[in-house]
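Read through the structure below, which is laid out as structure tokens, and then see the notes.
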Amino acid sequence: MVSAVEARDVSFRYRSGQGLIGVSFSAARGERVGVVGPNTAGKSTLLRLLSKVLSPAHGAVLIHGRDVATMGRLALARQVAVVPQDFQVAFPFCVSEVVLMGRYPHAAGGAWSAGDRATAWAAMEQAGIVALADRRVDELSGGERQLVSLARALAQEPSVLLLDEPTAHLDLRHHREMVETVFAPSPDRARTTILVSHDLNLAAELCDRLLLLADGTVQAFGTPEEVMTPHQLGRAYGCTVEIEADPNSGRPRLRSSLGRPDAVSRAMYDPRM
């Protein structure tokens, strides 16, 4: 079966010397993959390569079996949407206008159809921002802008959703809204999600597999139980790590210095709290 996302021996270097070396992994249709690792591990660089913002010096990135190097921007945007870490809008558009921009790859001749508008409105409903539809984006809080970014990505109706630390600067409420929208239960699980996150507990709880990067290379790739071990995390992060099993889900999680997970952090992604 053709993978929804695949990186084949991908390498890329910035002038500083940092980047990725020989990264390979694949994600199936509907799979949720968390990309984790320390700072400068290459996590955001990997997303830029998957979305064709950067081109690999070696290797190939494939979306549904097709090399992105052979795909035009519009063709790729019909398949792949990105929620960046920091979402900014240069002009004073209102929320509904920004979300509707997500339909551009599908719009005939750049004209919005009634179907495009309905899809954009549904995306705003899914992200919980209908009440903000007529507000200017530059007047919103950071958390609200991030939900607008998510709604715009959902309006693209992508088969692959790439998220780069989407909850990094959000308060508790917006964090939870983002997580619930992206990872809401779906009967068909048609969308493949690649989540870059510094929150190991969040990634382990929500993702099917984890890709652990360090120094631009793959340290481990597998289920959360296979990746989140004291040895592998200790090697990647350069510190002592303690792991315990979540008493409800059974998924691995980091122990805090007090021997228990932080309650606020847990409430952000645990639907039972």
Practice problem: Take the range 127-154 and flag every residue that is among the small types (Gly, Ala, Ser), in contact with an Asp or Glu (Cβ under 8 Å, 6 or more places away or on another chain) and closer than 17 Å to Leu100 by Cα. | Solution: Ala127, Gly128
Exercise. Tell me which of these Ala122 doesn't satisfy, since it passes every other one: (1) at pLDDT below 95; (2) closer than 12 Å to Glu157 by Cβ; (3) hydrophobic (A, V, I, L, M, F, W, C).
Key: (1)
Quiz item: So, in the range 39-66, of the ones that are touching an Asp or Glu at 6+ places or on another chain (Cβ under 9 Å) and either at pLDDT below 95 or small (Gly, Ala, Ser) (or both), which residue ends up surrounded by the fewest Cβ atoms within 10 Å (Cβ to Cβ)?
Solution: Gly65
Self-check item: Residue under evaluation Leu46, criteria (1) over 30 Å from Cys239 (Cβ atoms); (2) in contact (Cβ under 8 Å) with a residue 24 or more places away in the chain, criterion not met
Solution: (1)
Quiz item: In the set Ala75, Ala69, Ala57, which member is in contact with a strand residue (DSSP E or B) (Cβ under 6 Å, 6 or more places away or on another chain), aliphatic (A, V, I, L, M) and under 30 Å from Val10 (Cβ atoms)?
Solution: Ala57
Quiz prompt | Matching option when the condition is farther than 28 Å from Ala127 by Cα, surrounded by 18 or more Cβ atoms within 10 Å (Cβ to Cβ) and touching a Gly at 6+ places or on another chain (Cβ under 9 Å), among Val10, Val2 | solution = Val10
Quiz item: So which residues in the range 87-118 are more than 21 Å from Val130 (Cα to Cα) and touching a residue at least 40 places away in the same chain (Cβ under 8 Å)?
Solution: Pro105, His106
Quiz prompt | Selection status of Ser3, part of a loop (DSSP other than H, G, I, E, B), within 20 Å of Arg209 (Cβ to Cβ) and not basic (Lys, Arg) | solution = yes
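Any idea which residue in the range 192-217 is nearest to Ile21 (Cα to Cα), counting only those that are in a strand (DSSP E or B) and touching a Pro at 6+ places or on another chain (Cβ under 8 Å)?
Ala214
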Quiz prompt | Pair list, Cβ < 9 Å and 6+ apart or interchain, from the range 216-230 residues that are touching a residue at least 60 places away in the same chain (Cβ under 8 Å) and under 17 Å from Ala41 (Cβ atoms) to residues that are of a type outside the set (A, V, I, L, M) and in a loop (DSSP other than H, G, I, E, B) | solution = Gly216/Gln18; Gly216/Thr40; Gly216/Gly42; Thr217/Gly42; Gln219/Gly37
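Looking at the range 47-66 only, could you name the residues that are among the charged types (D, E, K, R) and under 16 Å from the mean Cα position of the chain (by Cα)?
The answer is Arg48, Lys52.
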Exercise. Would you mind listing the helices (runs of 4 or more DSSP H) fully within the range 67-185 where at least 2 residues are within 15 Å of the chain's Cα centre (by Cα), on the phi < 0 side of the Ramachandran plot and surrounded by 22 or more Cβ atoms within 10 Å (Cβ to Cβ)?
Key: 142-155, 172-182
Quiz item: Restricting to the range 196-236, what's the tally of residues that are crowded, with 18+ Cβ neighbours inside 10 Å and of a type in the set (Ser, Thr, Tyr)?
Solution: 1
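The values are calculated or read from the model by the stated rules, or taken from the named source; none is laboratory data. Not measured: the values here are computed from a predicted model. Neighbour counts run over all protein chains shown; Cβ positions are idealised from the backbone, glycine included.
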